[in-house]
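Have a look at the structure below before the remarks.
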Amino acid sequence: MKKSFIYLTAAVAVFAMASCGSNASDAGNADSTATAKTEAVTYTVSTESVVGWRGSKVVGIGEHKGTIAISEGSVSVENGKLTAGSFTIDMKNIVCTDSIPDEYKQKLIGHFQADDFFNVAKFATAKFEITGVEEKAEGTNTHVISGNLTLRDSVKNISIPAAVSIDGTTFTAKGTVTINRLDWGVNYDKANMSLSEKAKAALKNGVVSENIEITLDIKATAAEAPDAAEGEANSGM
């Protein structure tokens, strides 16, 4: 038993070193959410909007990917510019798009929904609330959207480079960012665990990458197009 524990501890150390050097975007403390002015045009987020996700292993070969549905949300546009908004993510609607048998997909989704990861029985939704928008052209991206991301019971601020388009009554935004799941307490290490349980949890955390790549694909529409002044401002974006 003692020898097994030594081997397990050594394995944990190896995997912990392998998981160092994260390239995830830095998550900061929650910030004040942006507030839309009364003259802002409201675009209602379509249920066609989704959050894409991709996770991988630190050791070995393999990754999983899929989508999570967005149940509701809205964005505000003033003078042709995105200024505020938020949307709700339906954590009970996690989809795996891997080319694997359905039986294994369901087991994988069940694992994601359990307490080890997102505990959807207690935290059925996640949320993203815009705190700031910067027009910053870089490649295909036109903006950097900052916002508070709520996962489980933790709120952190992240910045997402995104391609934003506002064309009449149609709004689209698509951007990708990598986050560290441990920043939101998404890990195997829980309170009141024994020493051996903690060692096993550390081993699991070392095998599964701390990083999760998320892609926001937002589609929204307005009841009517912005006025002429807003259209002119938008054409100069």
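Annotations
- Screening the candidates ASP90, ASP31 for the property of being modelled with pLDDT of 90 or more, outside any strand (DSSP E or B) and either closer than 20 Å to TRP184 by Cα or aromatic (Phe, Trp, Tyr) (or both) yields one hit, ASP31.
- Residues (modelled with pLDDT of 95 or more, surrounded by 12 or more Cβ atoms within 10 Å (Cβ to Cβ) and in a strand (DSSP E or B)) located in the range 94-135: THR125, ALA126, LYS127, PHE128, GLU129, ILE130, THR131, GLY132, VAL133
- Candidates LYS136, LYS107, LYS81, filtered to the one that is touching a helix residue (DSSP H, G or I) at 6+ places or on another chain (Cβ under 8 Å), of a type in the set (D, E, K, R) and more than 19 Å from GLY185 (Cβ to Cβ): LYS81
- The range 35-58, subset more than 28 Å from ILE94 (Cβ to Cβ) and of a type in the set (A, V, I, L, M, F, W, C), residue modelled with the lowest pLDDT: ALA36
The values are calculated or read from the model by the stated rules, or taken from the named source; none is laboratory data. Keep in mind that what you see is a predicted model, and the values were worked out from it rather than measured. Glycine gets a Cβ as well: all are built from the backbone with ideal geometry, and neighbour counts include every protein chain shown.
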